[in-house]
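Quick notes on the structure that follows.
The values are calculated or read from the model by the stated rules, or taken from the named source; none is laboratory data. What you see is a predicted model; the values in this text were computed from it and never measured. Please note: Cβ atoms are built from the backbone with ideal geometry, for glycine as well, and neighbour counts cover all protein chains shown. We work out accessible area using only protein heavy atoms, side chains counted, and drop any ligands, DNA or RNA first. Shrake-Rupley method; radii C 1.70, N 1.55, O 1.52, S 1.80 Å.
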Amino acid sequence: MIQANGIYKSFGNVDVIKGIDLQIDNGEIVTIVGASGAGKSTLLQIIGTLEKADKGDVLFNGQNVSKMNQKNLAAFRNKNIGFVFQFHHLLPEFTALENICIPAYIAGVSKKDATERAMQLLEYLKLTDRADHKPSMLSGGEQQRIAVARALINKPSVILADEPSGNLDSQNAKELHELFFKLREKTGQTFVIVTHNNELAQMADRMLTIKDGKIESNK
């Protein structure tokens, strides 16, 4: 489903990604691990089209997204990729329901349809009673689950998560990790997760270890 060929990326004089090839199959949960500064987040951002590689190509189902212009790339990203970050990045002035709906509005979905889909996600996540709460009124675990719902609203084929449980206590982290696997079972979505959490890393179908900008192991 996702293929990266000969990816290189430097920032200034620092070579961060030094020739990475990888393939991720539809419905897989893949974790990316390695020391800080190894290039994990940069690789995830390149796969997610948020960052452009200096050299190499990224393909989704055979479509080379590296060749797209910015307008087409933004539309492709909005439709096909959901993002979950370490910090939830919920907009403080909007309710949980409104935050979830924002990517759908950007995609041109009507308010009625977006709200209906968002409420279904809130129900699935057992957060319907939090729909009208603003982020400051939610716990850390609730905020991150709202961020997951926002990532799911456009029914993307892949979810990319960068340290999604990094700011959560052990119980909330465990619940979030279990949620990813339940979602895969329910929707068949693909998950690529950068993590320092060893428990989550071991739960995945496959774990990629990056060292000094290269894939050291893939198992």
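What the table shows:
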item: Given [x] 1, 6, 13, 16, 16, 13, 11, 10, 7, 4, 2, 0, 0; [y] 1, 7, 15, 19, 20, 16, 12, 7, 3, 0, 0; [z] 1, 7, 16, 20, 21, 17, 10, 4, 1, 1, 0, 0, the label whose value is P(r) over Cα pairs in 5 Å bins from 0, in percent derived from this model; result: [y]
item: Cα-based helix-to-principal-axis angle, 170-187 vs the chain, degrees rounded to 10; result: 90
item: Å² of accessible area per residue within the stretch 1-93, as computed with a 1.4 Å probe and no ligands counted; result: 51
item: Surface share of carbon and sulfur [accessible, 1.4 angstrom probe, percent] for the stretch 20-126; result: 53
item: Degrees between helix 70-80 axis and first principal axis of the chain (Cα, 0 to 90, nearest 10); result: 60
item: Probe 1.4 Å, protein heavy atoms only - accessible area per residue of the stretch 107-219 in square angstrom; result: 50
item: Viscosity 0.890 mPa s, 25 °C: Kirkwood-radius Stokes-Einstein D of the stretch 60-112 over Cα pairs, µm²/s; result: 188
item: Nonlocal Lys pairs with alpha-carbon distance under 14 Å, the stretch 74-219 (8 or more apart, or different chains); result: 4
item: Inverse mean reciprocal Cα-Cα distance (Kirkwood Rh) of the stretch 125-214, Å; result: 14.2
item: Computed E for Q23/K134 - FRET, C-beta separation, R0 45 angstrom, nearest 0.05; result: 0.65
item: The chain: angle of helix 140-152 to the longest principal axis, Cα-based, in degrees nearest 10; result: 70
item: Signed unit charges on C-beta, dipole axis of the stretch 1-108, positive-most listed residue I2, I100, G27; result: I2
item: About the Cα centre, charge dipole magnitude for the chain (Lys/Arg +1, Asp/Glu -1 at Cβ), debye; result: 520
